[in-house]
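Single-structure report; data block below.
Read-outs: derived from the displayed coordinates by stated rules, not from any lab. Remember, it's a predicted structure, so these values are computed and weren't measured experimentally. Glycine also receives a Cβ, built like all others from the backbone with ideal geometry; neighbour counts cover every protein chain displayed.
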Amino acid sequence: MCGIVGYIGNKPAKDILLNGLSKLEYRGYDSAGVAIRNENGFDIIKSKGKLENLKNKLKDKNLFGTCGIGHTRWATHGEPTEFNAHPHNSYNENVVVVHNGIIENYLEIKEKLVTYGYTFYSQTDTEVIAKLIDFYLNETNQNPIQAISKFMLRVTGSYALAIMFKNLKDEIYVARKDSPLIIGICNNENFIASDVPAILRYTKDVYYLDNYQMAKISTNSTIFYNIDGMEVKKKLTHIQMDLSSAEKNGFEHFMLKEIHEQPEAIEKTIKSLVKNEDIFLDRTGITNDFLSKIENIFIIGCGSAYHVGITLKYVFEKLANINVQVDFASEFRYRNPVLLKNTLLIVISQSGETADSLAGLKEAKKQKVPTLGIVNVVGSSIAREVDYVLYTLAGPEISVATTKAYSAQLVAGYLLAIKLAECKNKINQITRKELIKDVIEIPDKISVILKRQNEIQMLSSKFVNVKNIFLIGRNIDYAVVLEGSLKMKEVSYIHTEAYPAGELKHGTISLIENNSLVIGSISNINLAEKTFSNMLETKSRGAILLGFLTKDIRSTICDYVFEVPQINPLFANSLVIVPMQIMSYYLSVLKGNDVDKPRNLAKSVTVE
Ligand code: M6R
């Protein structure tokens, strides 16, 4: 999704903005631009496509301004053209704006502004922002805070804004609602960004802007305001993330690096919750008494986070014998979800900023049920909206395709399920200890798989030209093939479908033809024969069979097998997903795709 950077200080802004934008590239974008102050106003330079195009345009330009804003745009309103790229401005560059988010009522506002003589050059909602603020600037006798505040009261939707005014040379203004924005503080210079990696190189001390807040940023000061224009004090946060986590460290792609970081991400998450073989949720604010009263669980999320929810449904049901429902956040909010008494709503999100998940969460809060977030990004919108937050400690995830965050979410969920089962007296002490031990062993077992990366690379090279891949599994194996299928299609662009093994014969089997690849995941010996039978049904129609099996399961029918270490079937997803991730990665590399930034996708989807 879109990215924002800003700089005000004593150094030329150009390189700082470009560097910041390059660190936001992973979020996905299709055009980019900067506005840099000059003696009379601004140099506004934009380009379609990769940041490289913008860099080339800026290469020979002598821009020495020490104040500027920049943006990477992921098109929502209007095509990815130079006209639609940010920054946008009111007439005469009186107001120059970059924006993340969506203004829902922009058309209606645009019509009004036209009646006041404003004309528009782009199809974007952001141009409307620049002009509306300009309009209010005139109405408020050129008072920027009052003008922005009036804008905030007038619009609906979401926004993070960085704004420069032609006549206020030493200041940048920011405002936010439902889209993240941080201000990085340094000596004699300040930074603005929509995401930490953009400014990590310069500072780790940041302010998180809250909803309906504004700030006036100059070289030496940052003043915060609430929507009434009253000054507010905010707490400075020191970010723990280090610079290397936003670098590739010798790996060819972030995706591969992050696949290899999984043992560490999982171990850190486990260590934050397990002490002396017992699970402690104190950090989340959740008490044993609270858990003992929970009778229903509702999980929402999008994409891979939703798949974690599906996996956890099986785990919660099995261990805590509790009713669990899982829904796509984007669907949950538009139906009539009935959240029964004593329901815990769990929202899962790596970024903590996914618009659908955030909206689903707000819907649940209206029904006054307690909410828990399993979130990776500290201080993100979801983390701040939920009643309780269980942080995964996966560290920053740059590749659009999630890997380590997914794995960390799984273990956080397993531990929550064990704790819930304990609090509801559904498991005895011995079982609890065994389960915790099983979870603790996951990182080492993943490391064993990672050492066999070459085998999967070899397998991938055999399948790079297949047109369709069908992935099947039963029970928890169905949950893992959902994720494996998403991973493969998003980075390799090969059409894949995931099905419960028994469901294929109810229609989809008609698509199987000679050389279709069917992948079966089997980690529960009790269900193995059934899934093998379903695989055989496809083999007799020409399919090639690849099995991802746990060590105890023997196949006589698969053409290819990749064996993962033995594990409690409840937690098998954590292992089986790893070869699927590696296979997705190599299919993408072999096809020459942009692995970390697959086409049309964005890292954090902050629009509905
Ligand atoms: O940041 P979130 O976990 O809320 O993101 C949810 C999905 O957008 C995300 O998992 C997406 O499906 C990934 N690209 C999958 O790799």
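Quick notes
- Under-14-angstrom lysine pairs by C-alpha in segment 188-263, whenever the two are 8 or more apart or on separate chains: 4
- The packing ranking, built from the mean of other Cβ atoms within 10 Å per residue, places the peptides 92-105, 449-462, 311-324 in the order 92-105, 311-324, 449-462, highest first.
- Cα-derived Rg over Rh, computed across segment 527-608 with Rh taken as Kirkwood radius: 1.08
- The distance from the alpha carbon centre of segment 546-608 to that of segment 39-61 is 40 Å, rounded to a whole number.
- Viscosity 1.002 mPa s, temperature 20 °C, Stokes-Einstein D of segment 37-82 from Kirkwood C-alpha radius, µm²/s: 177
- In Å, descending, principal axis extents of the Cα set of segment 357-463: 52, 39, 24
- Spin-label zone in segment 554-595 - amide nitrogen under 17 Å from a point set 7 Å from the Cα of E434 along the C-beta vector: 566-572
- Relative contact order of segment 92-163, defined on C-alpha pairs under 8 angstrom at six or more residues apart (%): 52
- Taking all Cα pairs closer than 8 Å and separated by 6 or more residues, the relative contact order of the chain comes to 12 percent.
- On the principal axes of its alpha-carbon atoms, segment 1-120 has extents of 41, 33, 21 Å, going from largest to smallest.
- Across segment 344-413, the mean sequence separation of Cα contacts (distance under 8 Å, 6 or more residues apart), normalised by length, yields a relative contact order of 30 percent.
- Counting charges near S510 (Lys, Arg +1; Asp, Glu -1) among other residues having Cβ under 14 Å from its Cβ returns a value of -2.
- Rg/Rh for segment 135-252 stands at 1.03; both radii use Cα atoms, and Rh follows the Kirkwood definition.
- Residues E267, E434, E483 arranged by fewest to most Cβ contacts within 10 Å: E434, E267, E483
- In straight-distance terms, cross-link reach from K59 covers every one of the aspartates and glutamates whose alpha-carbon lies under 12 Å from its own, apart from those fewer than eight places away in the same chain; here that gives D15.
- Here the residues H307, H238, H260, ranked from fewest to most Cβ neighbours within 10 Å of their Cβ, fall in the order H238, H260, H307.
- Shown for segment 318-361 is the translational diffusion coefficient from the Stokes-Einstein equation, using the Kirkwood radius over Cα pairs, a temperature of 10 °C and a viscosity of 1.306 mPa s: 135 µm²/s.
- Scanning residues 5 or more positions from N323 or on other chains, those with amide H under 5 Å from its amide H are I297, with H placed 1.01 Å from N in the peptide plane.
- Over 23 Å [Cα-Cα, segment 434-557], rounded percent: 32
- Nearby aspartates and glutamates by direct alpha-carbon distance to K293 (threshold 18 angstrom, same-chain neighbours under 8 apart not counted): D282, E317, D387, E422
- The phi torsions of segment 530-544, fed into the Karplus equation with coefficients 6.51, -1.76 and 1.60 and a -60° offset, translate into couplings of 4, 5, 4, 4, 5, 5, 4, 4, 7, 4, 6, 10, x, 6, 9 Hz, rounded to whole numbers, with Gly and Pro shown as x.
- Our helix-only sum for the chain, with -39,500 (n - 2.57) per DSSP H run of n ≥ 4 divided by its residues, gives a mean residue ellipticity at 222 nm of -11000 deg cm²/dmol.
- Partners for K169 among aspartates and glutamates (Cα-Cα distance below 19 Å; same-chain residues under 8 apart left out): E39, D43, E93, D134, E189
- Calculated from the alpha-carbon coordinates, segment 288-447 shows an Rg and a Dmax of 15.0, 44 Å respectively.
- Cβ-to-Cβ counts within 10 Å put D178, D282 in ascending order as D282, D178, the fewest first.
- DSSP bridge pairs, the chain: antiparallel proportion in percent, nearest 5: 60
- In segment 357-420, the inverse of the mean reciprocal separation of distinct Cα atoms equals 12.6 Å; this is its Kirkwood hydrodynamic radius.
- Segment 361-427: Lys pairs at Cα distance under 25 angstrom, eight or more positions apart or on different chains: 5
- Alpha-carbon Rg/Rh ratio, for segment 201-346, with Rh computed the Kirkwood way: 1.05
- The three principal axes of the C-alpha atoms in segment 270-328 carry coordinate ranges of 34, 24, 20 Å, sorted with the longest axis first.
- Out of every Cα-Cα pair that the chain contains, those further apart than 41 angstrom amount to 29 percent.
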